[in-house]
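The structure under discussion appears below in the form of structure tokens.
The values are calculated or read from the model by the stated rules, or taken from the named source; none is laboratory data. Only a predicted model underlies this, so the values are computations on that prediction, with no experimental measurement involved. Ideal geometry is used to build each Cβ from the backbone, glycine not excepted, and the neighbour counts take in all protein chains shown.
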Amino acid sequence: MSASAAGGLEEVFRREAGRVLATLIRLLGDFDLAEEAQQEAFAAALEQWPAHGMPGNPRAWLISTGRNKAIDRIRRETFFREKIADRELAAAQARMLEDIDPADEAIFGDDRLRLIFTCCHPALNDEAQIALTLREVCGLSTQAVARAFLVNEETMAQRLVRAKRKIRDAGIPYETPDPTVLDQRIDGVLAVIYGVFTEGYAATAGAQLMDVELCAEAIRLGRLVDVLLPSHAGVMGLLALMLLHDARRASRVSDAGDVVLLEDQDRSQWDSHEISEGLALVDKSLTARGPVSPYAVQAAIAALHVRAADQQATDWPQIVGLYEVLLRLQPTPVIELNHAVAVSMVDGAARALDLVDSLAARGKVRQYHLLHAARGRFLEQLGRTEEAREAYRTALKTAALEPERRFLAARIAGI
């Protein structure tokens, strides 16, 4: 296989994997069976496409092949089951799958959005909802999901297995719920969509800082939810937040693929259309009826950044105040760290270092590389160069994203 053909296959698999899996889960009603069918379909594509050419609709081909592989598996298993009822059930399931035409685009609908709502069922706790959706719907690795929750990979793998088992045993339906119950499920759905965007905007590991398509997919899902729940403060706030962050995408990475800090970014490269749409949504989300959404507050912070002409013109005191509001609404370690960074711009590095050291003393984020990177920067600003170098080295040990590793190595060399 030529390098260009291999690259084309890899691109299709990366683009379609999540949607193929979502549709197979809907058709098969079983996470594990769908995952096996997806893998077998991809294996068949690797074998057949180089010889016969890529089909006109790769996603339909992969779904059809995966479905057929699942039917074959179900039929094989009937021969090993002892009870006639089991054989009849398996055969009925195979017949049902045969009646569905996977080439029909109508079956796809928006299976990823439906699957997100399935994974965000109230029967699962909040953490399980988000973790399962990031893994199964959005294709994040178990390692990436574990990093997002600041736990080890083995712990996260066990949680994912328990969550899938609960969906299967409880018979949780695969559907977008009625509008009357959407509000009960929306918090988990928004958290998942933001998790997808975050992984695309700043990956947990790999060679590139961003995955543009993952960001675009999160924004697309956000727009779909906005149609389902128009004028919802949280939905509008999240969509605004993603748009305002995505607007800065072109300036965040140098031509060499290295990280460019906010203060060094060329603001003329920012996307003015996304900024205009995002700013309008910020105003709507902050004035919507009901409780203030944490996403609206985060979007308001992002709005202050994009409205400023440069780093010095940024309204840092207002950003600190908004982070203090956000900490009351959503007290997470990551928000605490961001608050400390904002404080450094108002009260200086010494005060920010106290806040970061207090956060680190609580233990949960000791392996979070950005905490140590921020600590290194504050120490460097205070002239404590040896301690700063050690903090950057600690960050480098735990960082898994290559552009961030290069950035940290450069900071160490610079000292």
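A few points about this structure:
- Residues of segment 21-41 classified as among the hydroxyl-bearing types (Ser, Thr, Tyr) and not in a helix (DSSP H, G or I), total: 0
- Qualifying residue in segment 126-145 (condition: more than 23 Å from ARG19 (Cβ to Cβ), touching a Lys or Arg at 6+ places or on another chain (Cβ under 8 Å) and either in a helix (DSSP H, G or I) or at pLDDT 85 or above (or both)): yes
- Single residue of segment 146-168 satisfying the filter (part of a helix (DSSP H, G or I) and either among the acidic types (Asp, Glu) or touching a residue at least 60 places away in the same chain (Cβ under 8 Å) (or both)) that is surrounded by the fewest Cβ atoms within 10 Å (Cβ to Cβ): GLU154
- Any helices (runs of 4 or more DSSP H) falling wholly within segment 172-274 and containing at least 2 residues that are free of Cβ contacts under 8 Å to residues at least 60 places away in the same chain and either among the charged types (D, E, K, R) or loosely packed, with under 14 Cβ neighbours inside 10 Å (or both): 179-201, 212-228
- Looking across segment 382-413, just one residue is in contact (Cβ under 8 Å) with a residue 60 or more places away in the chain, farther than 18 Å from ARG366 by Cβ and not in a helix (DSSP H, G or I), and that is LEU401.
- For SER276: the one exception among (1) at pLDDT 95 or above; (2) under 28 Å from ALA352 (Cα atoms); (3) more than 23 Å from the chain's Cα centre (by Cα): (2)
- Filtered by the rule that a residue be of a type in the set (Gly, Ala, Ser), touching a Lys or Arg at 6+ places or on another chain (Cβ under 9 Å) and over 28 Å from SER272 (Cβ atoms), segment 284-337 gives no residues.
- A single entry from GLU217, GLU199, GLU136 fulfils the requirement of being more than 30 Å from ARG366 (Cα to Cα), within 16 Å of the chain's Cα centre (by Cα) and not aromatic (Phe, Trp, Tyr): GLU217.
- When each of VAL334, VAL325, VAL343 is tested for being under 21 Å from GLU404 (Cα atoms) and free of Cβ contacts under 8 Å to residues at least 40 places away in the same chain, the lone residue that passes is VAL334.
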